[in-house]
Structure formats: C-alpha cells, structure tokens
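What follows is a set of notes on a single structure, which appears directly below.
Bear in mind these aren't lab numbers, they're just calculated from the coordinates by the rules spelled out. From a predicted model like this one, the values you see are computed outputs, not experimental measurements. With ideal geometry, Cβ positions are generated from the backbone for all residues, glycine too; neighbour counts draw on all protein chains shown.
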Amino acid sequence: MGPTIIAVIVAIGALIIGIFLGKMIFAKNTKQQVDDAEALAKKTIEDAKTLAETLKEKKILEAKEHFLQLKSTHEKDVTQRNQKLVENENKLKQQQQQLNDKTSAVQRQVQENEALKESLENQVKAFNIKKVELDKHHEEHVKRLEKVAGLSAEQAKTELMEVVKEEARTRAMAHVKEIMEEAKVNASKEAKKIIIQSIQRLGSEQAIENAITVFNLESDEIKGQIIGREGRNIRALEAATGVDLVIDDTPEAIVLSCFDPLRREIARLSLQRLVQDGRIHPARIEEVVEKTKKQLEEQIMEIGERTIIELGVHGLHKDLVRLVGKMRFRSSYGQNLLMHSKEVANLCGIMASELGMGQKVVKLAKRAGLLHDIGKVPDEETELSHALLGAKVAERCGEHASIVNAIGAHHDEMEMLYIISPIVQACDSISGARPGARREMMQSYMQRIKDLENLAMAYTGVEKAYAIQAGRELRVMVEADKINDAESQKLSFEIADKIQKEMQYPGQVKVTVIRELRAVNVAR
C-alpha cells in the first residue's frame, strides 16, 4: 500500500471523526463546541496530510538508495568478469605459443634422430666387418701362444683360475678384516645401547646387593625422630652424606642406598651416633656427619698404613696410602679389593723371588701388585679405565716408571716395558681366577678352560692351544708348514667367531694365533 493511499485513509478517518464530533456538539446545541470541533478536524486533516507527505518522501529516498546499491554491485560484477576474460585470453595465447615451440622442437628432434640412426647403421656395418677380421687375428694369436707356451687354452684358463682364486681368498680375508675393524667402530653406539638395556633388565639384583646397607633399629618409634618435622631431619642427613634413606613399612629397619660404599659407611656410622645420642636435628646432623667423615678418614689412613707395614712396602705417598685404605670399602665381582690387592702383592713378591730377580725388583713387584687396582677407588670420576687412571695417579705421586707401567699394562692397555709388568698381570689373573674368589665354581671354571682349548684343537694345522689369563685369552700354536700367514689371520677370525656363537663366557676372549718357522742346521 502506497503512502498516498495511507494519507487519504487517515484524512477520511479524521473527517468522519470530525463529523461525528460535530453532530454530538450540534445535538447539545452548543455553537462554541461546534466551532472547536471543526477547528480540531481541520488540524487533524492537515497533520495527516503532512505525515503522508513525509512518509512518501522517505520511501522514495530509500528506493533510490537501494537502486544505486544494486547498480554499483552489478557494475563491479561486470568489471570482474571482464578482467577474468582478459586473463583467460592471455593464458590461452601463452599456451598456444608454448605448444607451437614444443611442436617445432619435436620436429627438430625427429630429424636429428633420423640422422643419428643412419650414422649408427653405418657404424654397425663397419664394426661387423672389423669384428670378423679381429676374430681371425685372435685365432691366429691363440695358436701362436699355445705353440710358445706348450699349453692349450683350457689348461691356461685352469691355471689362471687357480691363481685368481688364491688371490681372491687373500684379498677377501683382508677385506673381512677391514669390515670387522669398521664394524667395531660403527657398532660402538649400538653396543652402548645393548649394555644399558642389559643393565636395566638384569642389574637389579647386583645393584641391590652392592648399593644398599640395612640399618637396624630398636623400635619403629625412632623412624619419626629420624624423619623429623616435615621431613627436615631426613633431608639434612641425605644432603650431608649424599645417601638416599628409604624409610618404608619394613619393621625396625632403614635402607641406606648409594653406589659409593664409603658414603654409605659414613651415613651408617652417623645414623648410629645420632640414634644413640637421641638428639636429632639438622644442626646436630651436620656436626655428627663432619665428625664421622674425619674419623673415617683417619680410619682409612690407619688401614692403609697398617697394610703397607704388613707387606713391607715403605716410602709410599700419603695419597697412595689413603687410596690403599679406601680399597677396604670396595669389592670387585664379590672379592674385597684390598684383600685382592694384598694377595696380588704377595704373589708378585714370591714370583719375582722364585725367578731369581734381585731384592730391589722383588720390592718393586710387590709394590706394583699392591697398587695395581688403585684406579678403582678414584677421588674424582673420569672416563679413563681403572688401569690407565691408576698409572696416572702413581706417576703423579712420584712412583717408579716400572710400577707405573705395570699398573697401566695389567689389562694390556699399555705396552709392557719392564719385567715386573707381566708378573703383575699374571698374579692379578691368578688371584681373580682362584676358585671361590669371585663367586665362580671350580668345576665350571675348569670346564670353560677345557672347552676353549678343545675348540681350537679341532681345527686342522693347530699344534697346541693354551687358555691363559683365567680364560680371557686363547693362544693357538699352528704348524708353519701347513698354515701360512694369511691362513693364520683367517684361523684367528674363525676361532673367535665360533667362541662367540657356541660358548658362554664373562667379558671377552682374545684369540692369538702364533706361527713360528725354525730353520736349524748344525755345522760340523
């Protein structure tokens, strides 16, 4: 409905209302009221007309604005379509040009291929002619060679194949050796991963046995005093000693956990004093731990001095005396390190004396035997092996060069330069391999040694086989007239591979093949 019609309807309505009001006023015979009603009706009609005109203009403006918006949108769409059409035309022109260029290139390539084909056909014809001529010359040359050599072509091939086979075997062994060396280098990371996984899976029992100490209590009430308010006492004790205290539901017991046996001993003695005294608080804990450390240091020095006096070793540096005392708190494969070192020292002295060496060499051998494992109780953690670390410490403390060499070479990590070096190595093996020393049954040990020797004797050309160093090394003597140098290397590799596949052994086994040729003549 348009605005004009609305205005007309409003005016008619106002008029009807005016008439009605006039009749009512007329009915009352009041002239003034009639005049007022007419004036009111006129005003109402004028207001209605004004409102109708206002609505009409507003709707016209809205229609114009809507038309302008539609027109602008249409113009934008037309412009965008035109631009797309232009872009598509340009792309089509470019594609047409590229297609024309490719067509021209293909035509040129076809022409070149035809020319190349003709050239190849001519070369093949010439090659066939030359091949026929070469075959004739080859037959004549072979006949001449057979006459000169006195061998047929088949016989020459057979001899050549034998030579090539022998050379191939030699090169193959050298290549295998290179591959093995490369594999050792490249397999280092994988070996470390395997070792770590093995430790994680199988090392729990060993770790529990060698890394904890159980401290017994008279009653469980003392556990609360040791823990302290909000755990202050136990934290102070762990911080002072470097040992973890495990307080659980185990009745009348506390577990001290640490890989360092010296720290565990300090924690045990400190805890024992604190429990006996009854005063347990952080300040008292630090005081007792310091006193215990000093007392244990004095005890370590006392143990070291008593050991060197017992063995008759004099003039030892104080740091070395301290390390000897520390060995009392360390074990290796279940064997106490100090007892092992004392045993090795006595064996070295006896062996050097039985070999007829001078008294000076006997003392040096005993001294080296005592100090050969000091690298296992270092004051600082290092990446060096215990043999090299021990040699470094001994050298720093001014020990004789022969003792330094014996310590560093007792596991073949240094070259042996003095006579006491092999003595120390042999005595270390004797003490470690002694039945019962390292939790190994005599019967199984002897069986492993026998199996090693029998395995080597099963090979052709082997004269003798000896398992030495507690089964850590296998020395194989071969007959020089049956096995050459190259075959010796091959035999060493095969024996080591067979040991690895068929036998179970701790650590590693070094296989040494020895080939000796002696030429003896007598002048008469």
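Of LYS363/LYS392; LYS165/LYS498; LYS366/LYS482; LYS130/LYS165, which pairs sit farther than 32 Å apart, going by alpha carbon to alpha carbon? Present the calculation step by step, with values, prior to reporting the outcome.
Details: LYS363/LYS392 21 Å; LYS165/LYS498 25 Å; LYS366/LYS482 44 Å; LYS130/LYS165 34 Å.
Pairs exceeding the cut-off: LYS366/LYS482; LYS130/LYS165.
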Do you know the relative contact order of region 203-297, to the nearest whole percent, from alpha carbon pairs under 8 angstrom that are 6+ apart? 31 percent
Under 5 Å between amide H atoms, partner at least 5 residues away or on a different chain: which partners does LEU217 have, H built in plane at 1.01 Å? ALA253, ILE254
Check MET477: other-chain or 5+ apart residues with amide H under 5 Å from its amide H, H built from backbone geometry? GLU463, LYS464, ALA465, TYR466, ILE514
Residues with amide H under 5 Å of ARG330's amide H, sequence separation 5 or more or different chain, H placed in the peptide plane at 1.01 Å from N; which? LEU337, LEU338
Mind checking which lysines have their Cα closer than 26 Å to the Cα of LYS102? Skip sequence neighbours fewer than 8 apart in that chain. LYS91, LYS93, LYS117
Starting from region 453-524, pick out the GluC sites (Glu not before Pro) whose DSSP state is loop and whose Cβ has at most 16 other Cβ atoms within 10 Å. GLU479, GLU516
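Could you rank the peptides 335-342, 108-115, 265-272 by their average count of other C-beta atoms within 10 Å per residue, with the highest value first?
Working: 335-342: 19.8, 108-115: 10.0, 265-272: 21.6.
Sorting 335-342, 108-115, 265-272 by mean packing, highest first, produces 265-272, 335-342, 108-115.
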Please identify the GluC sites (Glu not before Pro) of region 369-407 that satisfy two criteria: DSSP loop assignment and at most 12 other Cβ atoms within 10 Å. Which are they? GLU380, GLU381, GLU383
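In region 218-259, which GluC sites (Glu not before Pro) are in a loop and have at most 13 other Cβ atoms within 10 Å, using DSSP for the loop call? Mind dumping the intermediate values first?
Details: sites: GLU218, GLU221, GLU230, GLU238, GLU252; in loops: GLU218, GLU252.
Here the GluC sites (Glu not before Pro) that fit, given the DSSP loop and packing criteria, are GLU218, GLU252.
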Residue by residue through region 471-484, which ³J(HN,Hα) values in whole Hz follow from phi under the Karplus form 6.51 cos²θ - 1.76 cosθ + 1.60 (θ = phi - 60°), with glycine and proline marked x? x, 8, 9, 10, 9, 10, 9, 10, 7, 5, 7, 9, 10, 8
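Starting with the highest mean, order 117-127, 412-422 by the number of other Cβ atoms within 10 Å, averaged over the residues of each peptide. Walk me through the intermediate numbers first.
Values: 117-127: 10.1, 412-422: 16.5.
So the peptides 117-127, 412-422, ranked by packing, come out 412-422, 117-127.
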Fewest-first sequence of MET161, MET503, MET477 by Cβ atoms within 10 Å of each Cβ: MET161, MET503, MET477
Environment charge at LYS59 (Cβ cut-off 12 Å; Lys +1, Arg +1, Asp -1, Glu -1): -1
At a 10 Å Cβ-Cβ cut-off, how would you order ARG235, ARG518, fewest neighbours first? ARG518, ARG235
